[in-house]
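Inspection log for the structure reproduced underneath, given as structure tokens.
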Amino acid sequence: MEETREISALFHLIDDPDKEVFTTVSERSVSFGKHIIPNLEDLWENTPDEEVQERIEMIIHRLHLRDLTAELTQWKSHSEQDLLKGALLICKYQYPELVLSSILQEIEKIRRNIWLELNSYLTALEQTNVITTILYSYYNLKGVEISYKDPNIFLISKLLDTKKGNSFSNGILYLVMSELLDVPIKAINIPRQFILGFFDLDTTGWETDSAYPYTKIQFYIDPMTGQIFTHKDVETYFNRISVTPTSSYFKPMTNQRIVQYLIEEFAKCFDDEKNRYKYRELLQLAGLLDSMV
């Protein structure tokens, strides 16, 4: 963007010690939209003062956040939310300049490798074993326990780079592949876990079904490792955590709810004094997905 007199005047006030002045400067800068970012980056490169650089970084961050908020709102408005796109939007919170083309190419490469091994004669277990083998053996996907010390472990973009993710990033990749290949694997809402289930094709009638739908799920998949769990394994887990299973725990989560859940967990990586503004911002983004989940 060409630097106008107003932009030049704003930039001269960025180092003003008065917080109210900086707030005004920040809000006005953001109002110009993302086209002002190159001007801000140029100012940052020519500013030796670290505090002023931090202020410039905060303005740029607010600009990216505004765009991300709009994109997430638009994603939510679609009748069928694409899970991969939703997960990549969360990657853009941490990496706003993320280039999606290489990620989409990698996703397509994985999809094609799985597709080549699938056919209509395979059983549910055989289909699942194909996906699991390609992801965890051929692509060497690794699972790590959930930790809030490393935000990258939640991001599918980083998972594709490092081949290392937690149950959320691994699970979302598994779900993306299942969606692309029409394999009826869905995430379910079991407490304190992100677990997948292989569903019967007919998943209707649950709104009026008071019993939890064990009969709709053939088996469960742990996205950390691809390990298969039986109904008995899940019953044992509920007994261990002293929770009574109900129908809501076994219904497939919508893509909207999965992305919201991802944001909520991702936010916990920033729950410290230095980064708490990010924690609050992410919870606000999660709040955008509250309705109709």
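At what distance in angstrom do the alpha carbon centres of the stretch 72-132 and the stretch 27-64 lie from each other?
33 Å
Separation between the Thr162 and Tyr277 pseudo-spin-labels, each 7 Å from Cα along Cα→Cβ, expressed in nm?
2.5 nm
Once the Cβ-Cβ distance between Thr23 and Ser247 is put in as r, and R0 is 35 Å, what FRET efficiency do you end up with, to the nearest 0.05?
Numbers: r = 49 Å, r/R0 = 1.39.
Efficiency, rounded to the nearest 0.05: 0.10.
Grab the Cα-Cα distance for Gln53 and Ala9, subtract it from 0.36 nm times how many residues apart they are, and report the gain in nm with one decimal.
14.1 nm
Would you report the distance distribution of C-alpha pairs in the stretch 226-293 as whole percents per 5 angstrom bin, up to the bin with the largest distance?
P(r) for the stretch 226-293, in whole percents per bin: 3, 14, 16, 14, 16, 15, 13, 6, 1.
At a Förster distance of 35 Å, what's the computed FRET efficiency of Leu116 paired with Ser77, Cβ-Cβ distance as r, to 0.05?
Taking R0 as 35 Å, the efficiency between Leu116 and Ser77 is 0.50.
Looking only at Leu160, Leu118, Leu13, which one moves most when the chain is put into a Gaussian network model with springs between Cα atoms under 10 Å?
Top of the fluctuation ranking is Leu13.
Compute the helix-to-body angle for 19-31: its Cα long axis versus the longest principal axis of the chain, expressed 0 to 90° and rounded to tens.
On a 0 to 90 degree scale, this one is about 70.
Taking a probe of 1.4 Å, how large is the accessible area per residue of the chain, in Å²? Could you put the intermediate results ahead of the total?
Values: 15820 Å² over 293 residues.
In whole numbers, the chain has 54 Å² accessible per residue.
Using Cα pairs under 8 angstrom and six or more residues apart, how large is the relative contact order of the chain, in percent?
14 percent
Rounded to the nearest percent, how much of the accessible area of the stretch 85-207 (1.4 Å probe, protein heavy atoms only) is carbon and sulfur?
Values: 3010 of 5970 Å².
Roughly 50 percent of what the probe reaches on the stretch 85-207 is carbon or sulfur.
Does anything in the stretch 261-293 have its amide N under 18 Å from the 7 Å Cα→Cβ label point of His61, and if so which residues?
The answer is 264, 266-286, whose backbone nitrogens lie closer than 18 Å to the label point.
In degrees, nearest 10, range 0 to 90: what is the angle between the Cα axis of helix 167-180 and the longest Cα principal axis of the chain?
70 degrees
Taking the Cβ-Cβ separation of Lys109 and Glu145 as r and a Förster radius of 45 Å, what is the calculated FRET efficiency to the nearest 0.05?
Numbers: r = 28 Å, r/R0 = 0.62.
With a Förster radius of 45 Å, E is 0.95.
Given H placed on each backbone N at 1.01 Å, which residues far from Ile195 in sequence or on other chains put an amide H within less than 5 Å of it?
Ile188, Ile190
The values are calculated or read from the model by the stated rules, or taken from the named source; none is laboratory data. Treat the numbers as computed from the prediction; the structure is a model and nothing was measured. Cβ sites come from the backbone with ideal geometry, for glycine too, and all protein chains shown count toward neighbours. Areas reflect the complete protein model, heavy atoms only, side chains present, ligands, DNA and RNA absent. Shrake-Rupley method; radii C 1.70, N 1.55, O 1.52, S 1.80 Å.
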